[in-house]
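So the structure is just underneath, and the comments pick up after that.
The values are calculated or read from the model by the stated rules, or taken from the named source; none is laboratory data. Every value quoted in this text rests on a predicted model; they were computed, and no experiment measured them. Cβ placement follows ideal geometry from the backbone for every residue including glycine, while neighbour counts extend to all protein chains displayed.
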Amino acid sequence: MIWREDVECAAPADLKELQSGYLKKLIPYIYHNCPVYKQKLDKAGVTPDRIKSIDDIRRLPFTTKEDMRDHYPFGLFSVGQDHIREIHVSSGTTGNPTLVGYTKDDLKLWGDVMARVLGCAGAVPGDTIQIAYGYGLFTGGLGFHYGALEMGLRIIPTSSGQTARQLKLMQDFNARIIACTPSYALYMAEEAKELGYDPTQGNWKIGIFGAEPWSEAMRQEIESAWNMLATDVYGLSEIIGPGVAQECHHKDGLHIFSDVFYPEIIDPKTGAPVPEGEDGELTITTLTKQGIPLIRYGTRDIVSMRLDKCRCGRTSPRISKIKGRTDDMIVVRGINVFPSQIEHVLVGIEGTQPHYQIIVDRQAHKLDEVEVKVEVEQRFFSDEIKRLNEIRDKIRKEIENVLSIGVKVTLVEPKTIERSMGKSKRIIDKRAL
Amino acid sequence: MKITQISIFLENRKGRLYDVCSLLGTNHVNIRALTIAETESFGVLRIVVDKSDLAIQLLRDHHFVANFTDVVAIEVPDQPGGLASILKILADNDVNVEYMYGFVEKFSDKALLVMRFEDTEFAQQVLAKNNIRIVAEKDIEGL
């Protein structure tokens with residue numbers, strides 16, 4: 001179903017008028033409420049009165065993940081802390097996590113866009129949804145929860161993990177919709193078979209999968225394993241969490257909710273918009289958010305965008321699946337991982353210098369595994385195995401603390417990690433996504 | 001009267017032990033005693049050689065992680081209960097042995113053992129007090 005036909009199917013001219021109205025309100029709001037942005041806008045020579053329509057967005061400066069880090073925790077907020085009702089964090093590149101906060105209206109917006117996601121995937125009020133994204137600081141679980149509340153679905157908030165229980169609850173409560181990471185969906189199909197259950201006879205008929213990149217091949221595998229429609233959801237916590245864009249059953253691009261999250265596809269080298277259909281960095285302006293509205297935020301995701309009307313009736317622009325990143329971030333079991341986070345840990349452990357390599361692998365139908373190879377150094381080498389194991393375990397624990405996922409740490413001989421142009425090749429991703 | 005052991009980090013990879021031995025061999029360094037401690041992914045090779053300064057230089061020049069470790073070499077009666085008698089003395093005096101291994105050669109009819117202690121100084125005092133012969137570095141060189 002189309003949850004918000006008024007905006008999702010709006011005529012382009014009407015949509016533009018709506019966006020222009022929002023932007024004309026947003027810029028003075030940010031300018032007068034967020035000193036960091038005021039400085040940014042002043043520096044770019046943009047005063048609020050110069051913003052007359054959405055086309056003027058190109059005059060505005062970009063916002064980057066570094067800005068989020070530099071102004072941690074509350075520098076980019078446009079409201080006082082007493083107006084914040086909920087806080088979420090995601091991975092930062094180093095040290096501090098990326099923090100976002102929602103006002104009461106922001107949470108309402110989140111519920112609205114997530115209801116659109118659910119509708120776009122094929123949910124109708126009264127459906128039962130099993131939410132197997134993690135609940136907590138990660139936006140996945142609660143984002144779906146709010147959308148399902150808004151639409152009026154029956155919610156089974158299983159959160160992630162405990163596969164046998166997931167499968168039992170799916171059957172006992174006849175859940176028609178499953179929301180989780182695509183790799184977990186495949187893993188559960190394999191587990192179901194192990195438990196003597198035929199996943200093609202499963203209750204789930206619609207899957208809403210995201211939080212990590214996945215391919216068409218993986219979609220086909222999931223669809224045939226579970227005999228379901230597998231759709232892709234896109235979002236990032238800086239913008240709202242899940243709820244930025246979603247595929248309809250035509251699976252022909254992700255409808256981005258451009259009335260509230262204004263998308264531009266930017267050439268990361270020049271900062272100029274690319275022609276329609278060409279690849280560039282997805283850059284989003286949150287037109288109506290109050291807590292931490294962001295102007296032209298660089299998502300670092302490489303996508304293309306098309307503007308033609310979809311067969312489903314929606315007129316909203318459609319973005320492609322993520323084709324790459326402008327940085328070296330990888331996603332492991334739904335968690336964003338930056339090599340710099342691991343570097344930070346290694347530097348922090350006395351005697352360790354950051355010669356390391358991250359190897360990500362996924363055995364067939366298994367969850368992602370991460371191995372961090374660390375070159376042993378003269379300074380922390382010991383003739384005693386127990387001391388070496390202590391160092392290895394300390395590195396492992398600290399990395400796990402920062403990343404919130406289990407890793408294997410292997411000590412290797414110096415100069416064995418491949419260096420190209422003097423720099424180590426930090427990530428070896430062996431997964432066939 | 002400590003002697004110097006060289007400890008070398010080795011990954012569990014084919015040929016790594018050979019690499020070390022052939023490097024030392026071509027440079028006329030003789031290995032007197034040797035042991036390997038291994039885990040699933042790496043091992044530590046511990047050796048006593050006749051020219052330890054040269055050996056460690058060679059190893060480090062070839063990108064091995066190698067350290068000097070102080071160990072104690074002692075003579076042990078080469079007969080049933082010989083080692084037990086010494087270990088009893090150590091245990092009675094609360095001296096903990098981290099690891100130990102044997103020499104290839106010996107001076108006399110007694111076996112020659114390398115021992116690594118948590119507290120090397122204290123262990124030496126205990127051994128000396130109990131008239132156990134501690135072998136000096138120069139004895140090793142003369143082997």
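Those helices (runs of 4 or more DSSP H) of the range A:26-127 in which 3 or more residues are over 22 Å from A:PHE338 (Cα atoms) and aliphatic (A, V, I, L, M) occupy A:104-121. Suppose we filter the range A:239-257 for residues that are surrounded by fewer than 24 Cβ atoms within 10 Å (Cβ to Cβ) and in contact with a helix residue (DSSP H, G or I) (Cβ under 9 Å, 6 or more places away or on another chain); how many remain? So the count comes out to 3.
Against the criterion of being outside any strand (DSSP E or B), over 14 Å from the mean Cα position of the chain (by Cα), closer than 14 Å to A:GLN130 by Cβ and not hydrophobic (A, V, I, L, M, F, W, C), A:GLY161 qualifies.
The set of residues in the range A:142-157 being of a type in the set (A, V, I, L, M), part of a helix (DSSP H, G or I) and either closer than 11 Å to A:ALA123 by Cβ or in contact with a helix residue (DSSP H, G or I) (Cβ under 8 Å, 6 or more places away or on another chain) (or both) consists of A:ALA148, A:LEU149, A:MET151. Listed by first and then second residue, the pairs with beta-carbon distance under 7 Å, at least 6 apart or on different chains, first residue in the range A:306-332 and over 19 Å from A:HIS250 (Cβ atoms), second polar (S, T, N, Q) and part of a strand (DSSP E or B), are A:MET329/A:ASN336.
Any residue at all in the range B:41-56 that is over 23 Å from B:ILE140 (Cα atoms) and under 16 Å from the mean Cα position of the chain (by Cα)? Checked against the condition, which is being over 23 Å from B:ILE140 (Cα atoms) and under 16 Å from the mean Cα position of the chain (by Cα), the range B:41-56 yields at least one hit. For the residues A:VAL100, A:VAL89, the requirement of being touching a strand residue (DSSP E or B) at 6+ places or on another chain (Cβ under 7 Å) and surrounded by 20 or more Cβ atoms within 10 Å (Cβ to Cβ) singles out A:VAL100.
Among residues of the range A:161-172 that are in the same structural domain as A:TRP226 (by TED's automatic domain parsing), those with a Cβ under 9 angstrom from a residue that is surrounded by fewer than 14 Cβ atoms within 10 Å (Cβ to Cβ) and of a type outside the set (Ser, Thr, Tyr), sequence gap 6+ or separate chain, pair up as A:THR163/A:LEU195; A:ALA164/A:LEU195; A:LEU167/A:LEU195.
Which residues, taken from the range A:51-71, are over 18 Å from the mean Cα position of the chain (by Cα) and β-branched (Val, Ile, Thr)? Correct list: A:ILE51, A:ILE54, A:ILE57. Within the range A:128-140, the only residue that satisfies the criterion of being part of a helix (DSSP H, G or I) and either within 12 Å of A:PHE209 (Cα to Cα) or acidic (Asp, Glu) (or both) is A:GLY140.
Tallying residues that are surrounded by fewer than 22 Cβ atoms within 10 Å (Cβ to Cβ), within 14 Å of another protein chain (Cβ to nearest Cβ) and at pLDDT 95 or above within the range B:47-58 yields 2. Looking only at residues of the range A:320-345 that are assigned to a helix (DSSP H, G or I) and of a type in the set (A, V, I, L, M), we find that the one that is surrounded by the fewest Cβ atoms within 10 Å (Cβ to Cβ) is A:VAL345.
A residue that is outside any strand (DSSP E or B) and among the hydrophobic types (A, V, I, L, M, F, W, C) cannot be found anywhere in the range B:30-52. Do you know which of the residues in the range A:365-400 that are away from chain B (no Cβ under 12 Å) and crowded, with 18+ Cβ neighbours inside 10 Å is farthest from A:ALA192 (Cα to Cα)? Here the residue is A:ILE395.
Any residue at all in the range A:117-124 that is in the same structural domain as A:LEU287 (by TED's automatic domain parsing), surrounded by fewer than 21 Cβ atoms within 10 Å (Cβ to Cβ) and under 30 Å from A:ASP232 (Cβ atoms)? Yes, the range A:117-124 has at least one match.
Among the residues of the range A:297-349, those that are charged (D, E, K, R) and within 13 Å of the chain's Cα centre (by Cα) comprise A:ARG300, A:ASP301, A:LYS321, A:ARG325, A:ARG333.
Is it true that A:ALA175 is buried (at least 23 other Cβ atoms within 10 Å of the Cβ) and assigned to a helix (DSSP H, G or I)? So A:ALA175 does not fit the description; no.
Counting only strands (runs of 3 or more DSSP E) wholly contained in the range A:352-433, no element carries 1 or more residues that are more than 32 Å from the chain's Cα centre (by Cα), modelled with pLDDT under 90 and farther than 20 Å from A:GLU212 by Cα.
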